[in-house]
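The values are calculated or read from the model by the stated rules, or taken from the named source; none is laboratory data. Given the structure is predicted, the values throughout are model-derived calculations rather than measurements. For neighbour counting, all protein chains shown are included, and Cβ atoms are generated from backbone atoms with ideal geometry for every residue, glycine included.
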Amino acid sequence: MRIAPLNNRCYNAQTKMNSDEEKIKEFEVIISRFSRFVKANIQKFNVQKNGIDPDDILQEVKIKIWKILEDEKRIKNYASYIRKIVDSSIIDLLRRSKREKGIFINEKHKLVSEQKSNYLINFSNDTNAKEIIGHAVDSLIESRRKVVKMFLLNMTIEEIAIYFKWTRDKTRNLLYRGLSDLKKMLREKRIEYENKE
């Protein structure tokens, strides 16, 4: 194995340092020169409505510009190239946000289903039990009755809140109180709910 002479190694290290310093300077010039341009292109997409912080996109754009400089790509028209970077960064973050929302919604629906299963009555085709449950639900206080009926029709707390134009907290409180009243009435009629907790 040949070892490069010490002065060659020093020269190579110095050359790399100079190259890195040049890249840093070039990066700073590009960011400084196109900062307003990038921010304006981000703002036109109004990403906040999708829960995306514009600063996250700005950071993504900076990372992509730095990678281009590291790969030593030569760019003729920076404005056009940076617009493409902004667009692709926004699309990437929107897709990621959509995926995360999908996962969140899926988990939320699973949780709601589990909560509902805690209030299911074990009566299979017993029409007498169905009638008793129907009467018990109808005898709830009006605000609680409306929420419980919608909940038993597979609507989520968020959907019920939107439907009645109530806050989520108000809807949740009415639902939990209504379900608590319903369980108490059913116990009095000797109908036990299946509690899977």
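Taking residues in segment 83-94 that are free of Cβ contacts under 8 Å to residues at least 40 places away in the same chain and under 18 Å from Trp66 (Cα atoms), and partners anywhere that are among the aliphatic types (A, V, I, L, M) and assigned to a helix (DSSP H, G or I), the pairs with Cβ atoms closer than 8 Å and at least 6 places apart or on different chains are Ile85/Val61; Ile85/Ile65; Ser89/Ile57; Ser89/Val61. In segment 176-188, the residues that are of a type outside the set (D, E, K, R) and buried (at least 19 other Cβ atoms within 10 Å of the Cβ) reach residues that are at pLDDT 85 or above and not in a helix (DSSP H, G or I) with C-beta atoms within less than 8 angstrom, at least six apart or across chains, in these pairs: Gly178/Leu140; Gly178/Ile141; Leu182/Leu140. Among residues of segment 155-179 being part of a helix (DSSP H, G or I) and of a type in the set (D, E, K, R), the one that is nearest to Ala136 (Cα to Cα) is Arg177.
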